[in-house]
Amino acid sequence: MDIESNGSRIFVRVDQDEDVVATVRSAVERLDLSAAVVTSGIGLVRSAELGSAAGRRSFAGPLDLSALSGSVLRRHGTQVARLQVVLNDARNRTIGGRLLSAKCHGVVGVLLAAVDLSMDVST
């Protein structure tokens, strides 16, 4: 992981074999932010686990991470990520949903915007 910050804009590079969700959450914690909005993300992942109203589902890759958005909030003292993703497989089929985990294949770039929240989100 590498983090570059320019005020409220933050770029997080997720490296080979790192988990995208855990790395984004770790970056927000490392910067001691109360909250951050994920404005975009692109790259390639080896595998992904998505959640939806129908439950959890795992996908093998490589998968093109075409869109990533969401938020990371401090909840009960811990950073909690709620990320939505759009992925494409090798046959150009599109899948999407709540990203629970994704193993980076190469490099994934994620752009964050810091948000100043003075509350600890408890729900």
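Throughout, read-outs are computed from the coordinates displayed, never taken from laboratory work. In this text the structure is predicted, and so the values were computed from the model without any measurement. When we count neighbours, we look across all protein chains shown, and the Cβ atoms used for this are built from the backbone with ideal geometry, even at glycine.
Packing, as the average of other Cβ atoms within 10 Å across residues, places the peptides 18-27, 92-101 in the order 18-27, 92-101, highest first. Here is the P(r) of the chain: all C-alpha pair distances, binned every 5 Å from 0, give 2, 12, 23, 24, 19, 12, 6, 2, 0, 0 in whole percents. The modelled label-to-label distance for the pair Phe11/Ala53, using points 7 Å beyond Cα in the direction of Cβ, is 3.9 nm. Computed packing ranks the peptides 64-75, 4-15 as 64-75, 4-15, most packed first, by mean other Cβ atoms within 10 Å. Whole-Hz Karplus values for segment 14-21 come out as 9, 8, 2, 6, 7, 7, 4, 5 Hz, taken residue by residue from phi with 6.51 cos²θ - 1.76 cosθ + 1.60 and θ = phi - 60°; glycine and proline positions read x. Computed from the Cβ-Cβ distance with R0 of 35 Å, the FRET efficiency linking Gln84 to Asp32 stands at 0.90.
Net charge in the neighbourhood of Arg82 (other residues with Cβ under 12 Å of its Cβ; Lys, Arg +1, Asp, Glu -1) is +3.
Here the gap between Glu4 and Val107, fully extended at 0.36 nm per residue and compared with their Cα-Cα distance, gives a gain of 35.6 nm.
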